[in-house]
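Take a look at the structure below.
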Amino acid sequence: MKNWYFINDGEKSGAYNMALDKYLALYPPDKPVLRLYYWDPPAVSLGYGQKIIGYDKNIFDILNIDIVKRPTGGRAVFHRNEITYSVVIPENYEYFKCGIHELYRIISEALLAGLKNINSNCKIERNVKEVNEYTKNVNCYESTARFEIILNGKKIVGSAQRRLKNGILQHGSILFEDNQFLLNSLLSERDSEIAEIKEYFKSVVNIFDTEIDKNYIKNELLKGFQKELVEKFIDFEITDYMKKEIEQLKSSFLIFSSRDKKDY
């Protein structure tokens with residue numbers, strides 16, 4: 001096991017989160033990076049090749065929810081009450097040579113080692129879905145692919161991976177609540193959906209059957225990576241130069257926002 005960098009990010013906008021993930025994959029440092037972050041405001045993210053067929057901006061404006069594109073593929077994800085992980089592997093690191101599924105497995109094993117400390121029923125889905133079954137759903141969490149993590153039969157970690165010239169990016173959402181069914185309402189064109197969504201927000205039941213403490217979950221995830229992959233984490237500093245570059249990248253990922261969020 002070797003040392004990795006760690007970025008302990010707080011709550012940032014969806015455009016910032018995607019811009020930083022892409023920047024790190026374009027210009028990776030000399031060691032792998034694990035980044036943990038949250039979304040403020042909540043957001044719907046789309047895979048970079050996914051089309052949005054129609055939505056009512058009024059719904060997103062009233063509920064203060066952004067829409068962003070991810071630098072990775074896959075389908076729509078609703079980001080609210082979750083922790084998101086991001087792993088960047090530089091080209092000089094051994095895992096850069098791994099195949100897609102093998103790297104999924106390696107990272108999933110580290111995530112699982114941490115999540116099982118929170119709920120011992122978490123496990124990795126090792127079955128392979130038929131391609132047509134996996135790709136026909138617009139919602140990322142409506143189907144489970146090989147090496148994704150499930151809890152009590154439900155997918156709780158949805159991941160996507162992209163390989164660039166100098167680095168590999170894999171990131172994914174670890175859900176705190178079962179909220180992905182709301183995507184159908186959010187991406188509809190009916191104002192009447194607003195009341196339904198607001199009512200759900202008042203009565204959330206968390207997915208781990210225990211009180212959610214973000215620092216606790218973050219620390220358990222770090223322990224999982226240290227058990228499986230990492231000798232020691234080194235804090236990674238985001239320089240002023242990087243901040244300027246990331247700020248410029250943000251606009252390429254933003255589809256809709258009701259406000260201008262300052263991430264620094």
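Read-outs throughout are calculated quantities, based only on the coordinates presented, and are distinct from any laboratory measurement. Bear in mind the structure is a predicted one, so any value in this text is a computation, not a measurement. Here the Cβ is made from the backbone with ideal geometry for all residues, glycine too, and neighbour counts use every protein chain on show.
So here's what we get for this one:
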read-out: 10 Å beta-carbon shell around SER252, net charge (K/R +1, D/E -1); value: +3
read-out: Inter-probe distance in nm under a simple model that places probes 7 Å from Cα toward Cβ, at LYS2 and LYS116; value: 2.6
read-out: Kirkwood Rh (inverse of mean 1/r, distinct Cα pairs), the stretch 1-113, angstrom; value: 15.5
read-out: Interchain or long-range residues, amide H under 5 Å from SER13's placed H; value: ASP40
read-out: Exposure proxy order (Cβ contacts within 10 Å, fewest to most) of PHE147, PHE6; value: PHE6, PHE147
read-out: Vicinal HN-Hα couplings computed from phi for the stretch 74-91 (Karplus, 6.51 cos²θ - 1.76 cosθ + 1.60; Hz; Gly/Pro x); value: x, 10, 5, 9, 9, 9, 7, 6, 8, 10, 10, 9, 9, 10, 10, 10, x, 5
read-out: Within-13-Å neighbourhood charge of ILE238 [Cβ basis; K, R +1; D, E -1]; value: -4
read-out: Karplus (6.51, -1.76, 1.60) ³J(HN,Hα), θ = phi - 60°, over the stretch 148-165, in Hz, Gly and Pro reported as x; value: 8, 9, 10, 9, 6, x, 10, 5, 10, 10, x, 10, 9, 9, 9, 9, 10, 4
read-out: Gain in span if fully extended, LYS244 to ASN184, counting 0.36 nm per residue against the direct Cα distance; value: 18.0 nm
read-out: Surrounding net charge for LYS31, when Lys and Arg each add one and Asp and Glu each subtract one, Cβ distance under 14 Å; value: -3
read-out: Unit Cα scatterers, Debye sum, the stretch 28-82: log10 I(q)/I(0) for q = 0.15, 0.17, 0.28, 0.32 Å⁻¹; value: -0.53, -0.65, -1.18, -1.26
read-out: Cα shape, the stretch 1-47, gyration tensor, a/c 1.5 rule; value: prolate
read-out: Amide H contacts under 5 Å for HIS79, placed H, 5+ residues apart; value: ALA43, VAL44, SER45
read-out: Whole-Hz couplings from phi, Karplus 6.51/-1.76/1.60, listed for the stretch 244-259; x for Gly and Pro; value: 5, 5, 5, 4, 6, 6, 3, 4, 6, 10, 8, 9, 8, 8, 8, 8
read-out: Gained length - LYS123 relative to LYS51, 0.36 nm times residue gap less alpha-carbon distance; value: 22.8 nm
